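Can you keep this structure in mind? I'll have questions shortly.
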Amino acid sequence: MTILIVDDEERDRTWLKNLLVGQFADQGPIVEGQDGLAAVELAQKHKPEIAFLDIKMPNLSGIKAAEQILKALPNTGVIMLSNFSDEVYVRQLWKVVPPNGVFGYVLKSASDEQVIEAARAVYSGDCWIHPGIARVIQRTQNRATSLTAAEYEALVCISLGMTDHAIAKKLYLTEKAVQSRLKSLYSKLGIPGRSDSQETEFNQRCRAMYVATRRGLINQSELDDWENKLQEATK
């Protein structure tokens, strides 16, 4: 069994390699890489059964590397390593993992035992989620709090500073449709409507961005990607 470890921090790669050596009866080579592009190239070359990928890496993020690896090698078990429990990463991961694919999400604060447990679970065909983000997983699966694709798109647009008119033009919607999406978004984020008596001193858009940031629904990298997509769509 081949294991791929890709992380831009040599210290983390060494720790993980030393931890995994000898843990599997049929263990073969452990291959290392330093960035997302290397992850894709090494996966295609060595076809690992398990790939440990850091989420934030140079050149290509762990999520995007995972997407390319899983398209070419859908049977590879991907384990994401992260210092972050942000909801945005969970949403991104859901999008790239095939319906029948197996994956793990391990925080770098995990104990050695948890990392080994995750590796064994994924190798045996199960998913493994760090207990530290269990609440985040539940929230993404709760209809009352989980954002639809349309609501998330609206959140990103207002976070980029776009007006209702600009959003409508970019997304080929009416302004009324945009306002409907925003109303639904505000409700799920727990932001009072304009007619509510509580917290009327808050600007709804600014408040939505604050709540979304606190929840880890958006970050700078995600916003940069969306801005590039929106610009490309209008060329």
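The values are calculated or read from the model by the stated rules, or taken from the named source; none is laboratory data. Owing to the predicted nature of the structure, the values given are computational and were not obtained by experimental measurement. Counting neighbours? That spans all protein chains shown, and the Cβs are built from the backbone with ideal geometry, glycine included.
Among (1) in a helix (DSSP H, G or I); (2) touching a Lys or Arg at 6+ places or on another chain (Cβ under 7 Å), there is one condition Glu67 misses while meeting the rest; what is its number?
So Glu67 meets the others, but not (2).
Does any residue in the stretch 216-235 that is outside the structural domain of Gln92 (by TED's automatic domain parsing) and over 13 Å from Tyr89 (Cβ atoms) come within less than 8 Å, Cβ to Cβ, of a residue that is hydroxyl-bearing (Ser, Thr, Tyr) and surrounded by 17 or more Cβ atoms within 10 Å (Cβ to Cβ) six or more places away or on a different chain, and which pairs are these?
The qualifying pairs are Leu223/Ser159.
Where residues in the stretch 130-187 are at pLDDT 85 or above and of a type in the set (S, T, N, Q), which of them is nearest to Met209 (Cα to Cα)?
Ser159
Could you please let me know if Glu201 is among the charged types (D, E, K, R) and part of a helix (DSSP H, G or I)?
Answer is no for this residue.
I need a count of the residues in the stretch 191-218 that are farther than 14 Å from Ile158 by Cα and either under 23 Å from the mean Cα position of the chain (by Cα) or at pLDDT 90 or above (or both).
3
Only one of Ile79, Ile50 is crowded, with 19+ Cβ neighbours inside 10 Å, more than 15 Å from the chain's Cα centre (by Cα) and at pLDDT 90 or above; which?
Only one candidate passes the filter, namely Ile50.
For the stretch 15-31, does any single residue satisfy the condition of being modelled with pLDDT of 95 or more and over 19 Å from Ile116 (Cβ atoms)?
Scanning the stretch 15-31 turns up no residue that is modelled with pLDDT of 95 or more and over 19 Å from Ile116 (Cβ atoms).
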